[in-house]
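Below is one structure, written out as structure tokens, with a few remarks after it.
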Amino acid sequence: MEREGRIIKSISGFYDVLDHESHELVRTRARGNFRKRKIKPIVGDMVTYEASGDLGYILKIEDRENSLVRPPIANIDQAIVVTSAVEPNFSSNLLDKILVNIEHNDIKPLIYLTKTDLLDDKKYADLKVVLDGYRKAGYVVFDERDSYSDDQVQDLIRHFSDKITVFTGQSGAGKSTLLNHIDPELGLATAEISQTLNRGKHTTRQVSLFNIEGGLVADTPGFSSLELIEIDQEELPTLFPEFVEYSGECQFRGCHHVNEPNCKVKEMVEDGTIMKSRYDDYLYFLNEINSYKKKY
Ligand SMILES: Nc1nc2c(ncn2[C@@H]2O[C@H](COP(=O)(O)OP(=O)(O)OP(=O)(O)O)[C@@H](O)[C@H]2O)c(=O)[nH]1
Ligand SMILES: [Mg+2]
Ligand SMILES: [Zn+2]
């Protein structure tokens, strides 16, 4: 009988499918024709499968809305960008780069600040001004004085239902720690592993989605640097939501907000409506993209 569900776990050639109707978990394999067509089912895929005895067979994979490569997950709705205040130090350049990559994949980013306990009140207040800027730019931001306060963790959880959420961010930012606060039973490994093993080793081959508050949630391995390879200079300005808000008022359609006259975005940067650091990062990324073009 043909049934429908979503792959929530992939482990050495088997795919565990959560059935849409029965809510049962069914172990499946992919039919050979997928391999021939070089399509590999991944976690998050919506599939049609045939249940027969103990083992089902995946017959069809729905077109993906989006997908990530590391780790392979499809149909992601939102990403919690875990960002540490220190260790590693807060960097608006890195945060903006992560945000741009996420926006490029049509995923909604939410920003979650960690390690605020390592800041004195003055430093925290300064950082809070920066994060308020992101809030004003349209992002959902979690930046309470106590990073893992019950209130804030509960607030975050409320965003999960009916969605696929990934936790992303720099290595050591606190992704696994935050997930363990959300659900202590997850018991995810923190720190030691990331620090002592190299990336190749700690990137787990087994990707799972956890069921939390009626949503599916995944941890992802952190990274130390990011590239903007897939993004071109036409797309870049569209990945800054607050630029998009004003670009309709630029004199030129397709304005890059660089040297064009009567650019509303630049005007908004000058009067402080758009964060200067975001605009500077935009120029910086534009440069980076142009330098790839020369290289490849
Ligand atoms: N002081 C303090 N330490 C924290 C906080 N959050 C996480 N840590 C510590 O930071 C280290 C890294 O945390 P992890 O949760 O492993 O970071 P991660 O983002 O999962 O790292 P990767 O898995 O390498 O990507 C651990 O030693 C945590 O205990 C925090 O809010 N305050
Ligand atoms: Mg981790
Ligand atoms: Zn412009």
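The values are calculated or read from the model by the stated rules, or taken from the named source; none is laboratory data. Computed from a predicted model, the values in this text were never measured in an experiment. Cβ atoms come from the backbone with ideal geometry, glycine included; neighbour counts cover every protein chain shown. Note: areas computed on protein heavy atoms with side chains; ligands, DNA, RNA excluded. Shrake-Rupley method; radii C 1.70, N 1.55, O 1.52, S 1.80 Å.
Looking across the range 268-282, the residues that are surrounded by 13 or more Cβ atoms within 10 Å (Cβ to Cβ) and either within 25 Å of the chain's Cα centre (by Cα) or not in a helix (DSSP H, G or I) (or both) come down to THR273, ILE274, MET275, SER277, ARG278, TYR279, ASP280, ASP281, TYR282.
Among the helices (runs of 4 or more DSSP H) contained in the range 152-206, which hold 2 or more residues that are of a type in the set (Lys, Arg) and at pLDDT below 95?
Working: elements: 175-182, 192-196, 199-202.
Where helices (runs of 4 or more DSSP H) fall fully within the range 152-206 and carry at least 2 residues being of a type in the set (Lys, Arg) and at pLDDT below 95, they are 199-202.
Only residues that are over 19 Å from ASN180 (Cα atoms) and open to solvent by less than 40 Å² (accessible area, probe 1.4 Å) were counted across the range 106-125, and they come to 4. Looking across the range 84-130, the residues that are of a type outside the set (A, V, I, L, M), in a helix (DSSP H, G or I) and closer than 27 Å to ILE73 by Cα come down to SER92, ASN93, ASP96, LYS97, ASN101, GLU103, HIS104.
Restricting to the range 221-267, give me the number of residues that are within 16 Å of ligand 2 (Cβ to nearest atom) and surrounded by fewer than 19 Cβ atoms within 10 Å (Cβ to Cβ). Step through it out loud before you land on a result.
Our first condition is that a residue be within 16 Å of ligand 2 (Cβ to nearest atom); within the range 221-267, this holds for 221-224.
Filter once more, so that each one left must be surrounded by fewer than 19 Cβ atoms within 10 Å (Cβ to Cβ): 221, 223-224.
Adding up the residues that qualify gives 3.
Filtering the range 159-176 to residues that are open to solvent by 10 Å² or more (accessible area, probe 1.4 Å) and under 13 Å from GLN78 (Cα atoms) leaves HIS159, SER161, ASP162, LYS163, THR168. Of VAL217, VAL258, VAL244, VAL265, all but one fail to be without any contact (Cβ under 8 Å) to a residue 12 or more places away in the chain and either assigned to a loop (DSSP other than H, G, I, E, B) or within 27 Å of THR83 (Cα to Cα) (or both); the exception is VAL244.
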